[in-house]
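Student: Sharing a structure here in structure tokens format.
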Amino acid sequence: MAHHKSAKKRIRQTERRTEVNRARTSRVRSFVKKVETLIASGDKAAASEALRAAEPELMRGAQAGVLHKNTASRKISRLAARIKTL
């Protein structure tokens, strides 16, 4: 357990940031999963609409540091390619 005042503050900050990051990650995953289920169902129009909604969420996650920028771009690219093949 931390004894210094600054170390205790660090622990509090880390807990808060962990909660925020966990929420962001969960939100990104939800958007991506919605796109993937629509791709699996074969609904191209709805899938492209869902991707349009998921794209800013992924990039927001990258900007926040939850995802790497290239990872977010790669996910968007692969989802778009899968929608294109429908």
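None of the figures in this text is laboratory data; all of them are computed from the coordinates on show. Keep in mind that what you see is a predicted model, and the values were worked out from it rather than measured. Please note: Cβ atoms are built from the backbone with ideal geometry, for glycine as well, and neighbour counts cover all protein chains shown.
Student: Can you tell me the 0 to 90 degree angle between the C-alpha axis of helix 5-41 and the longest principal axis of the chain, rounded to 10?
Tutor: 10
Student: Also, quick follow-up: Could you give the dipole magnitude of the chain about its Cα centre, charging the beta-carbon of Lys and Arg +1 and that of Asp and Glu -1, in debye to the nearest 20? Don't skip to the answer; put the middle values down first.
Tutor: On the way: 22 positive and 7 negative charges, 113 e Å.
It comes to approximately 540 debye.
Student: Rounded to the nearest 500, what is the chain's calculated 222 nm mean residue ellipticity when only DSSP H runs of at least 4 contribute -39500 (n - 2.57) each, over all residues?
Tutor: On the way: 3 runs with 74 residues, N = 86.
Mean residue ellipticity, 222 nm, calculated: -30500 deg cm²/dmol.
Student: Treating cross-link reach as a plain straight distance, find the aspartates and glutamates whose alpha-carbon is under 15 Å from the alpha-carbon of Lys34, omitting any fewer than eight places away in the same chain.
Tutor: Excluding near neighbours in sequence, the set is Asp43, Glu49, Glu55, Glu57.
Student: Restricting to Cα pairs below 8 Å that are 6+ residues apart, what does the relative contact order work out to for the stretch 5-84? Please round to a whole percent.
Tutor: Values: 51 pairs, mean separation 22.7, N = 80.
Worked out over the stretch 5-84, it gives 28 percent.
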